[in-house]
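What follows is a single structure, written as structure tokens, with notes after it.
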Amino acid sequence: MLPFESVMIYGEPFVNRCVELCWMMHIQDPPMVLDFGSSAEIVDKNVFRFFTRSGDLVDFVVWPAVLLHDNGPLIQKGVVQPFKKHTEKNSKR
């Protein structure tokens, strides 16, 4: 079996379930919200937790936060990877 064939066999049910869950979240009244934040913004520690390192500015979102509705209560914190912190020692190089 070729690698892409195994992705199709095992990945398709996963993708189908993801689409189903997103659709169910969207048809709620009001719809649930996936908060992806944005790159280079300050990390909101009330909404996101860190992935492999800590920092102040978002580099990328690993997993979005889930809100009950727009500006609503948090259902599940998201995961972000912040930029590496620059130390005084590293900036002199």
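The values are calculated or read from the model by the stated rules, or taken from the named source; none is laboratory data. Quick caveat: nothing in here was measured; it's all calculated off a predicted structure. Because the Cβ atoms are built from the backbone with ideal geometry, glycine has one as well, and the counts that use them run over all protein chains shown. The accessibility values were calculated without ligands, DNA or RNA, using every heavy atom of the protein model including side chains. Shrake-Rupley method; radii C 1.70, N 1.55, O 1.52, S 1.80 Å.
The table below gives the values:
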| read-out | value |
| --- | --- |
| Helix 3-26 axis, angle to the chain major axis (alpha carbon atoms, nearest 10°) | 90 |
| Spin-label model distance (nm) - K85 vs L68, 7 Å beyond Cα toward Cβ | 3.5 |
| Where the chain is the region considered: accessible area per residue in Å², 1.4 Å probe | 80 |
| Rounded percent of accessible protein surface that carbon and sulfur make up, the chain, 1.4 Å probe | 61 |
| Cβ-placed point charges (K, R +1; D, E -1), dipole of the chain about Cα centre in debye, nearest 20 | 780 |
| Cα-Cα separations in the chain greater than 19 Å, expressed as whole percent | 57 |
| Considering only the chain, percent of DSSP beta bridges that pair antiparallel, nearest 5 | 75 |
| Global form of the range 10-57, assessed from the alpha-carbon gyration tensor, a/c cut-off 1.5 | oblate |
